[in-house]
Amino acid sequence: MTSQKLLCVGAGLSGAVIGRYLAEAGHAVTILDARAHIGGNCHTERDAETGVNVHVYGPHIFHTDDSEVWDYVNRFARFLPYKNRVKTTSLGPDGERGVFSLPINLHTINQFFGRVMRPAEARAFITEEQADTSIADPQTFEEQALRFVGRDLYEAFFKGYTIKQWGLPPSALPASILKRLPVRFNYDDNYFFHKFQGMPEEGYTAMIAKILDHPSISLQLDTRFSRDMGAGYGHVFYSGPLDGYFNYELGRLSYRTLDFERFDYQGDYQGCAVMNYGEEAVPYTRITEHKHFAPWESHEGSVCYREFSRAAEPGDTPYYPIRQVEEKALLADYVALAEQTEGVTFVGRLGTYRYLDMDVTIREALECARGFVATAQAEAGRMPPFFTSPC
Ligand code: FAD
Ligand code: UDP
């Protein structure tokens, strides 16, 4: 195999995992990032004052069913047990504010309705007395909620939160967003249902630093990529925004961005890592108390983030792709442009304009790098612009 000079744009999980694979395959890899730090949106940073490891771009919990990906991350970090148990503050049926368990489970149902039901009774109660069975094939978020949990639970836990999170009425959002959350008729309050779940002991940035620690990887931070910088490289793996690569020449793909309002506290502010707020009248969606992500550490001081969601403007950090009908049309136009671009593969959550969990990001990055090595060995052929299609 001939060694090539290759470029990865972005030192988040996509760029780091691809870069590492290519370096181990014998290539000389340059990884650059516009930010002053590695880790992309998974970046964690120890707060100098309190010692708390802060999830700078919002809470990140690692969970997967993919055993190869689980083995991969455990190669670069020690993962300690962490189960995501989310609570929500909202109004009960009597209009009184309460704290409830998420995702909706038997505890939530019994507490919310003031009942003492066993699993089968709760299932019958929700499906026969609460759920709107006239909705045969739910298409929207709202229909999905009304069909499976009914109006009372929908209005307390989903309606206000979703309006705040997405800036749209749930009747204008696809059912698929809500399908991410289970409804359980037992007391299992684990937010995720994957086989593996945990937190890297020293945070994600320490893990990604280990991934990048290879003699054939050279890292350049504070370096914004422009197209001319690809010259001189055998191939570019680009994990920045797809529309940004083309200087937004067709218009901007829409994203939601998040504003984090930090406040510090002495002691334990809320007793859990993530507290959601279901009421529309409360302007933030949730409060994250970062020290609870590392229950094996102990800190007197506490760092908390109030999280606000809004439409991203030029210059804001893009977080959640919106993918409404209009964006899908624009996306198809950018995909067509990318297909005419040789020598670049668009990867990751921004390069493919999709919401990707970390485990999926790693799986796709590994497959993409494998695909490149196999293609280069077989025929020195052209890599496609997308390993996974955004459409
Ligand atoms: P990114 O992390 O966005 O990295 C892209 C990098 O490219 C960035 O560092 C950026 O600075 C750089 N870049 C962009 N443009 C340029 C340019 N022109 N020049 C140079 N550099 C550039 N996943 C989970 O599994 N569990 C969770 O609990 C979870 N929580 C999340 C919470 C929030 C609020 C969000 C938004 C996402 C969450 N995720 C979670 C998803 C996770 O953040 C992604 O899977 C992961 O960040 C994707 O990595 P990436 O490398 O593709 O993208
Ligand atoms: N959601 C909600 N109330 C909550 C938590 C989630 O209405 O307390 C909705 C919200 O629209 C969110 C979706 O369910 O986007 C999926 O939840 P998830 O926790 O996967 O949220 P995300 O990853 O989008 O933040």
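The values are calculated or read from the model by the stated rules, or taken from the named source; none is laboratory data. This is a predicted model, so every value here is computed, not measured. Backbone-built Cβ (ideal geometry, glycine too); neighbour counts: all protein chains shown. Ligands, DNA and RNA are stripped out before the accessible areas are found, and what is left, the full protein with its side chains, is counted by its heavy atoms. Shrake-Rupley method; radii C 1.70, N 1.55, O 1.52, S 1.80 Å.
So is Tyr355 open to solvent by 50 Å² or more (accessible area, probe 1.4 Å), within 16 Å of ligand 2 (Cβ to nearest atom), among the hydroxyl-bearing types (Ser, Thr, Tyr) and in contact with a strand residue (DSSP E or B) (Cβ under 9 Å, 6 or more places away or on another chain) or not? Lay out the reasoning, then the answer.
Numbers: open to solvent by 50 Å² or more (accessible area, probe 1.4 Å): yes; within 16 Å of ligand 2 (Cβ to nearest atom): yes; among the hydroxyl-bearing types (Ser, Thr, Tyr): yes; in contact with a strand residue (DSSP E or B) (Cβ under 9 Å, 6 or more places away or on another chain): yes.
Taking the combined requirement at face value, the residue satisfies it.
Please state which of the following conditions Glu379 fails to meet, knowing it meets all the rest: (1) in contact with a strand residue (DSSP E or B) (Cβ under 6 Å, 6 or more places away or on another chain); (2) at pLDDT below 95.
That leaves (1) as the condition not met.
Surrounded by 16 or more Cβ atoms within 10 Å (Cβ to Cβ) and within 16 Å of ligand 1 (Cβ to nearest atom), is that true of Tyr161?
Criteria met by Tyr161.
Residues of segment 290-307 being crowded, with 18+ Cβ neighbours inside 10 Å and in contact (Cβ under 8 Å) with a residue 24 or more places away in the chain, which ones? Walk me through it before giving the result.
Within segment 290-307, the first condition is being crowded, with 18+ Cβ neighbours inside 10 Å, and the residues that meet it are 290-294, 302-305, 307.
Of everything in segment 290-307, those that are crowded, with 18+ Cβ neighbours inside 10 Å and in contact (Cβ under 8 Å) with a residue 24 or more places away in the chain turn out to be His290, Lys291, Phe293, Ala294, Ser302, Val303, Cys304, Tyr305, Glu307.
For segment 20-49, which positions are open to solvent by less than 30 Å² (accessible area, probe 1.4 Å) and out of contact with any helix residue (DSSP H, G or I) (no Cβ under 7 Å at 6 or more places or on another chain)?
Ala23, His27, Thr30, Leu32, Asp33, Asn41, Asp47
Residues that are of a type in the set (Val, Ile, Thr) and over 25 Å from the mean Cα position of the chain (by Cα): which helices (runs of 4 or more DSSP H) entirely in segment 51-157 hold 1 or more of them?
Numbers: elements: 67-76, 106-113, 119-124, 141-148.
Ranges flagged: 106-113.
Select from segment 113-131 the residues that are open to solvent by 10 Å² or more (accessible area, probe 1.4 Å) and in contact (Cβ under 8 Å) with a residue 40 or more places away in the chain and write down the one among them that is nearest to Leu178 (Cα to Cα). First the steps, then the outcome.
First, pick out the residues of segment 113-131 that are open to solvent by 10 Å² or more (accessible area, probe 1.4 Å): 113-121, 123-125, 127-131.
Add one more test, that the residue is in contact (Cβ under 8 Å) with a residue 40 or more places away in the chain, and what stays is 119-120, 123.
Numbers: Pro119: 22, Ala120: 23, Arg123: 19 Å.
Residue satisfying both the conditions and the ranking: Arg123.
Which condition breaks for Ala23 when tested against (1) more than 18 Å from Val347 (Cα to Cα); (2) touching a residue at least 60 places away in the same chain (Cβ under 8 Å); (3) small (Gly, Ala, Ser)?
Result: Ala23 passes all but (1).
Here is a list: Leu168, Leu178. Which entry is surrounded by 13 or more Cβ atoms within 10 Å (Cβ to Cβ), in a helix (DSSP H, G or I) and within 13 Å of ligand 2 (Cβ to nearest atom)? Walk me through how you get there before you give the answer.
Numbers: Leu168 fails: in a helix (DSSP H, G or I).
Result: Leu178 is the single residue among Leu168, Leu178 that is surrounded by 13 or more Cβ atoms within 10 Å (Cβ to Cβ), in a helix (DSSP H, G or I) and within 13 Å of ligand 2 (Cβ to nearest atom).
Return yes or no: is Ile126 in contact with a helix residue (DSSP H, G or I) (Cβ under 6 Å, 6 or more places away or on another chain) and more than 16 Å from ligand 2 (Cβ to nearest atom)? Quick ask: steps written out before the conclusion?
On the way: in contact with a helix residue (DSSP H, G or I) (Cβ under 6 Å, 6 or more places away or on another chain): no; more than 16 Å from ligand 2 (Cβ to nearest atom): yes.
In short, no.
Mind checking whether some residue in segment 132-142 is of a type in the set (Ser, Thr, Tyr), away from ligand 1 (no atom under 16 Å from the Cβ), open to solvent by 90 Å² or more (accessible area, probe 1.4 Å) and touching a Ser or Thr at 6+ places or on another chain (Cβ under 9 Å)?
Step one: list which residues in segment 132-142 are of a type in the set (Ser, Thr, Tyr), which gives 133-134, 140.
With the extra rule that they be away from ligand 1 (no atom under 16 Å from the Cβ), the set shrinks to 133-134, 140.
Subset that is open to solvent by 90 Å² or more (accessible area, probe 1.4 Å): 133-134.
Next cut, touching a Ser or Thr at 6+ places or on another chain (Cβ under 9 Å) only: 133.
Yes - at least one qualifying residue is present in segment 132-142.
Starting from residues that are of a type in the set (A, V, I, L, M) and in a strand (DSSP E or B), keep the ones in segment 27-50 and report whichever is farthest from ligand 1 (Cβ to nearest atom). Break it down into steps so the answer makes sense when it comes.
The first filter runs over segment 27-50 and keeps only residues of a type in the set (A, V, I, L, M), leaving 28-29, 31-32, 34, 36, 38, 48.
Of the ones still in play, those that are also in a strand (DSSP E or B) are 28-29, 31-32.
Working: Ala28: 19, Val29: 15, Ile31: 9, Leu32: 6 Å.
This residue is Ala28.
For segment 87-112, what are the residues that are of a type outside the set (Val, Ile, Thr) and open to solvent by 60 Å² or more (accessible area, probe 1.4 Å)?
Taking segment 87-112 as the starting set, the residues that turn out to be of a type outside the set (Val, Ile, Thr) are 87, 90-98, 100-103, 105-107, 110-112.
Of everything in segment 87-112, those that are of a type outside the set (Val, Ile, Thr) and open to solvent by 60 Å² or more (accessible area, probe 1.4 Å) turn out to be Leu91, Pro93, Asp94, Glu96, Arg97, His107, Gln111.
Take the conditions open to solvent by less than 40 Å² (accessible area, probe 1.4 Å) and within 26 Å of Thr223 (Cα to Cα) and apply them to Ile61. Does it pass?
On the way: open to solvent by less than 40 Å² (accessible area, probe 1.4 Å): yes; within 26 Å of Thr223 (Cα to Cα): no.
Spelling it out, it is not the case that Ile61 is open to solvent by less than 40 Å² (accessible area, probe 1.4 Å) and within 26 Å of Thr223 (Cα to Cα).
Is at least one residue of segment 244-265 outside any loop (DSSP other than H, G, I, E, B), over 28 Å from Leu366 (Cα atoms) and among the basic types (Lys, Arg)?
To start, the set of residues in segment 244-265 that are outside any loop (DSSP other than H, G, I, E, B) comprises 244-245, 255-265.
Now narrow it down to the ones that are over 28 Å from Leu366 (Cα atoms): 258-265.
Filter once more, keeping what is among the basic types (Lys, Arg): 262.
Yes.
What number of residues in segment 232-243 are among the hydroxyl-bearing types (Ser, Thr, Tyr) and assigned to a strand (DSSP E or B)?
The qualifying residues number 1.
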